[in-house]
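Rule-based calculations on the coordinates, nothing more; no lab input. Owing to the predicted nature of the structure, the values given are computational and were not obtained by experimental measurement. Here Cβ is always computed from backbone atoms with ideal geometry, including for glycine, and neighbour counts include all displayed protein chains.
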Amino acid sequence: MIKLFSLKQQKKDGESAPRVGNQKKASAAQLRITKDINELNLPKTCSTEFPDPDDLLTFKLIICPDEGFYRGGKFAFSFKAGPNYPHEPPKVKCETQVYHPNIDLEGNVCLNILREDWKPVLTVNSIVYGLQYLFLEPNPEDPLNKEAAEVLQNNRRLFEQNVQKAMRGGYVGSVFFERCLK
Amino acid sequence: MASPAPKSPEQSEKSKKYDRQLRLWGDHGQAALETCHVCLINATGLGTEVLKSLVLPAIGAFTIVDGKKITEEDLGTNFFLDVDSVGKPRAQIATQLLLELNPDVKGDYVDECPEQLLENNPNFFTHFTVVIAIALSERVLIPLSKSLWAANVPLIVAKSCGLIGYARIQLREHTVVESHPDTQNPDLRLDRPFPALLRHVESIDLDGMDLKDHAHVPYVVPLLKCLQAWRSQHGGNLPANYKEKENFRMEIRKCIRLNEDGVPEAEENFEEAIRAVNFATLPTGISKDVQDILKDDSCINLTSKSKPFWIMARALQDFVANEGEGLLPLRGSLPDMTADTTGYIALQQIYQQESLRCAEIVHRRAQHLVHHLGLADDLITEADTRLFCKHASDLAVVRGTSIADEYDPKTPNASYITQQLDDPTSLMVYYVMLRGVDKFYAEYNTYPGEFNVEADIVKLKGCISKLLGEWGCTSVAKDDYVHEICRYGGSEWHSVSAFIGGCVAQEAIKLITGQYKPVNNTFIYDAITSNTETFTF
Amino acid sequence: MDIGNETLGNQDHLQRRWSHLRKLLERSGPFCHPDFEPSAEILNFVMSSCKVLVIGAGGLGCELLKNLALMGFREIHVIDMDTIDLSNLNRQFLFRIKDIGKPKADVAAEFINARIPGCKVTPHYSKIQDFDEEFYRQFHIIVSGLDSIVARRWMNGMILSLLSYNEGELDQSTLIPMVDGGTEGFKGNARVILPGISACIECTLDLFPPQVTYPLCTIANTPRLPEHCIEYVKLIQWGKENPFDCPIDGDDPNHINWIYEKAQERARQFNIGGLTFRLVHGVVKNIIPAVASTNAVIAASCATEVFKLASSCCLPLNNYMVFNDVDGIYTYTYEAEKNPDCLACSNNVKTLDVKDGNMKLQELIDSLCENPSYQMKSPGITTVIDGKNKTLYLPLIKSIEERTRENLKKTLNELGLKNGSQLIVADVTNPNTIIFSLRMPKENDMVVE
């Protein structure tokens, strides 16, 4: 056990001699995201874009599925990790309008590890895989876009056609989708 | 542009000011607090710390009884005295500075020695909701304890001695409806389904559902269906042991839909049903604590003096014996579970309605009892019985003992104390030390070590040995502890007082609001190791 | 010990006011710290030399300031970025109705200084992030009563960054203990952190309960609880309708009212009961219930520990105490364990010697890969320059690699790296990021160590 202060130790003053290492240190969130990013092991369908290479907390993920309903499309997600990362998950939004049961028209994504099932041991990589999976296996059970989910559940052919229509750019029902083919 | 919203009635200044605590004890808890009157005997550092944490949340009123004049030493440990006040009455200054904390609270003081006041006006203290006594010598403590015990007014005694703190609650009987347990199993009654629940579940055809609906039926439905099937095949019995429960889980798992490849679909509701097997197959019963309440003399033999709590307890007992068929009224709350809205809400309403039906019966029974006892019809409102029934499974009654009895050497605490003293981690040793300090003070009129540590170690050891002898304890006074206590010399550490002050204030709030369970009945704090322990005398 | 007037300088600690504390500090006892030597000098140190920083002037902060002032501390600083709100007054006892809207730190300091003569509380109405290492280094002990995990983690990072090591040995004069308290309703905890020695905030991050969240699809499609309706308005409807052309401000009654109305509509639509204004307010602002008593207990416990650390009169709490007075009074004291892989405190800054600032980044990377004790594969390197993060090179991320490739040819000087600059290096060969502190001989530095 250490004894902290000897009585000989007098006032600590602000003007104590500067020492090595007196520059601002990176935050724990920064240390962790650096690790996450450097070790991103992206599937070949995914790529990242960093608008500012000095800001690793803010970036885009581009997914171009090569199989499934969404094959040929190109979908962008914005990632923003806050100062409380990894205690809190990064905020992820879909920036491409997509006809998808688990993504609504405002870009909200229903993926458990983005909210209720997030744990600090998970990484950016886990989220990338989660998102990629959403395009391979859209889940109509827990929908965010109810109409799309119902179509998927009742008529897979029609769903496929709607996805194509949306990706080519055009109306599905009364909603207009921007073209997002690769 | 948004339309201006109507001003909510809940946004009063008062509810804003007290918002953070109203979320804990509710408006009714607050109302109880605001109508109480607390008495503090001796406005020491510890005393004002207790009152501070009662004035802030807004007790109705306080009265300080203290005949001392403020000394320099007082200033070093009491925040509610100021430098200019040395020589002035401690009760007066403390009252002024405490009142300044919260204009919603009334306060007054009696600048008189508590001993004299008790002698001249023995009933003075019996008019308060709670009396809190600090640094009281045995000579005053014992008669005060007796008087308040007789008057059924709770008394909390607290001490701050160097690095050791102490609090003792004396109450005859304290009843708690809302004990706010941290964890609680839901009250689902799957082993004893009430008719409305059974009808509802039987009306649901799981097989005829499409996958989406099937995966969004609240788990209670498949769980109860499976349980009914199990019981019809097992002579009406519930799965009782580990193996049976495992088999039962398998039965539920079989109900999960398969996709065209024969792989089970992801149905979270069924997973929840499987996880719920453990508690849902426990027979619904009545806990020992609640059974004891229902069997209590006060419950069985009502009189016109019975408290509403006991009248409702009796109504509850009658319900259990009749309409309840051995069970308490249904709690009526349904935990959240994977489900679609309509399925969940329908089930929730079935639970709520059954719970209201039970509460109505209990209320009628309570009204009948009130009438029979010749009491006022509005003594127990429908809201009272509803709250009582909702919390029927966590009712609590605390019956205490008097300090006068505890201090009587003839009382049978000796073996308890001896046993605790043999445990080197027990804080009982400090209880014995503090009793020794009381005895020392009674004999020498100073605190041990106040002036001379070495000499007082011997004297304090003598006091403690005498005490242990009186109790018939075989233990001896441990030298280290005696030395440590003498080192304190009766000094008061502010941070120790602040710790005990916070604890005592919270215990007082529990007694006043009738919510949360109080300490029963002695609490010791050791600031050296940051440990605490509760003892029951 | 020599207690001449020369060393004392000030006789305040001999005042009768402090006789309570003096008994414990001038007498030996069986349960003292093994190195404790009773002396009048200790209180003199507490009163005239020991500098304590209190972080937060809220529920815990007010109590801490009072407790420290009455335990003899005089050189106290307090930082708080908030102003006083009506809902603070049920527990933050240094504030009155007339103070609403004023900075908490200022009002609290003024009150304490007026009540306790000789005590000199210095207020800082600012964020903890507004101060640098020089500021924090002046304190002997830091005690925090915060309601934010981010702020705790920041402070934790700060005190860890102040540590310095000589040949791998911690220089104890650079260690600033942190005592941290937290409360929620009738529950609370107090802990002592000896940075670099005992478990730090980051080691035990999982002790903080995760925020309550609900699945987005439940909120959107199958609401069952009133909370689901409120979250819907907050997360989805607000963004769609944007009623006030700004993000939600939990302190703006118009915002809360709007959310209340819309959530009520939604609850009605789905036949969900139990939606009250209080609930809406609580969910939107993430309100944590608070009472005076729990704050008093936890702050008292923290103040006791500060005093123990300053005076060595007892061993400090080792190192975590939880408190709960829902059912009786329950406490549990245990030793939270240091996480050997902790992101923050297992990261002893390693020294990396470079010959001078003319070294190129590529050469530095090569040396990390060739160095037998590191043998890195493809290190990614970032740094902090003037408080800003800067990515030097990340080989594995195409878009960054392309834009940082140029840096490889630049010298350390050109990249703004100096003697003492920290490099944050991530590589597959290590489970954690490693921090290197660059050591390069200064051109006009003639001092030889």
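Quick look at the numbers
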quantity	calculated
Listed residues B:I485, B:P424, B:C473: farthest to the positive end of the dipole of the range B:403-488 (Cβ charges)	B:C473
Low-density loop positions, GluC sites (Glu not before Pro), the range C:383-440 - DSSP coil, at most 16 other Cβ in 10 Å	C:E414
In order through the range C:351-363: 3J(HN,Hα) via Karplus (6.51 cos²θ - 1.76 cosθ + 1.60), integer Hz, x for Gly, Pro	8, 10, 7, 10, 6, 6, x, 8, 5, 8, 4, 4, 5
Binned Cα-Cα distances of the range B:195-280, short to long, each 5 Å bin given as a whole percent	3, 14, 25, 25, 19, 11, 4, 0
Given charges at beta-carbon only (K, R positive; D, E negative), |dipole| of the range C:3-110 in Debye	440
Cβ charges +1 (Lys, Arg) and -1 (Asp, Glu), total dipole of the range C:96-143, debye	360
Whole-number Å³ per residue for the convex hull built on Cα positions in the protein assembly as shown	207
Candidate aspartates and glutamates - alpha carbon under 16 Å from B:K461, same-chain residues fewer than 8 apart omitted	B:D438, B:E443, B:E450, B:E470, B:D479, B:D480, B:E484
Mean-position separation - Cα centroids, the range C:264-291 and the range B:245-302, in angstrom	29
Descending principal axes extents, chain A, alpha-carbon based, whole Å	83, 30, 28
Amide hydrogen neighbours beyond the local backbone of B:I132, cut-off 5 Å, H modeled	B:C39, B:L40, B:I41, B:I156
Percentage of interatomic Cα-Cα distances in the range B:288-399 larger than 23 Å	31
Value of [θ]222 nm, deg cm²/dmol, for chain C, DSSP H segments ≥ 4, -39500 (n - 2.57) each, nearest 500	-8500 deg cm²/dmol
Whole-number percent relative contact order across chain B, with pairs defined as alpha carbons under 8 Å at least 6 apart	20
Signed unit charges on C-beta, dipole axis of the protein assembly as shown, positive-most listed residue C:I55, A:N155, C:L86	A:N155
Aspartates and glutamates with Cα under 12 Å of C:K409, excluding same-chain neighbours fewer than 8 positions away	C:E363
Cross-link table B:K16/C:K104; B:K88/C:K98; B:K16/C:K240; C:K350/C:K388, entries beyond 23 Å C-alpha to C-alpha	B:K88/C:K98; B:K16/C:K240
Rotationally averaged projected area of the range C:42-178 (alpha carbon convex hull; nm²)	8.7
Cα centroid of the range B:322-345 to Cα centroid of the range B:190-211, whole Å	13
For chain A: relative contact order, % (alpha-carbon pairs under 8 angstrom, 6 or more apart)	18
222 nm mean residue ellipticity, helices alone, for chain A (DSSP H n ≥ 4; -39,500 (n - 2.57); rounded to 500)	-8000 deg cm²/dmol
Relative contact order, percent, the range B:195-280 [alpha-carbon distance under 8 Å, six or more residues apart]	32
Chain B: projected area of the alpha-carbon convex hull, averaged over directions, in nm²	34.7
In Hz, Karplus ³J(HN,Hα) per residue of the range C:56-73 (6.51, -1.76, 1.60; θ = phi - 60°; x = Gly, Pro)	x, 10, x, x, 6, x, 4, 5, 4, 4, 4, 4, 5, 4, 7, 9, x, 5
Considering only the protein assembly as shown, percent of DSSP beta bridges that pair antiparallel, nearest 5	65
Nitroxide proxy distance, nm - points 7 Å out along Cα→Cβ at B:E271 and B:K245	2.0
Amide H contacts under 5 Å for C:I141, placed H, 5+ residues apart	C:K51, C:L53
Area projected by the alpha carbon convex hull of the range B:403-488, averaged over all directions, nm²	5.3
Whole-Å distance, taken between Cα centres, linking the range C:87-129 and the range B:33-52	24
Dimensionless Rg/Rh of the range C:346-449 - Kirkwood Rh, Rg from C-alpha atoms	0.95
Lys pairs, the range A:23-101 - Cα-Cα below 14 angstrom, 8 or more residues apart or on other chains	7
Residue of C:I381, C:I365, C:I400 that the Gaussian network model of chain C assigns the largest fluctuation, springs spanning Cα pairs under 10 Å	C:I400
Residue-averaged [θ]222 nm for chain B, counting only DSSP H segments that reach four residues, each worth -39500 (n - 2.57)	-15000 deg cm²/dmol
Point-charge dipole on Cβ atoms (K/R +1, D/E -1) for chain B, about Cα centre, debye to 20	880
Cleavage-rule hits (trypsin sites (Lys or Arg not before Pro)) in the range B:277-374: DSSP loop, at most 10 neighbouring Cβ within 10 angstrom	B:K305
Inverse of mean 1/r across different Cα pairs in chain C, Kirkwood, Å	25.5
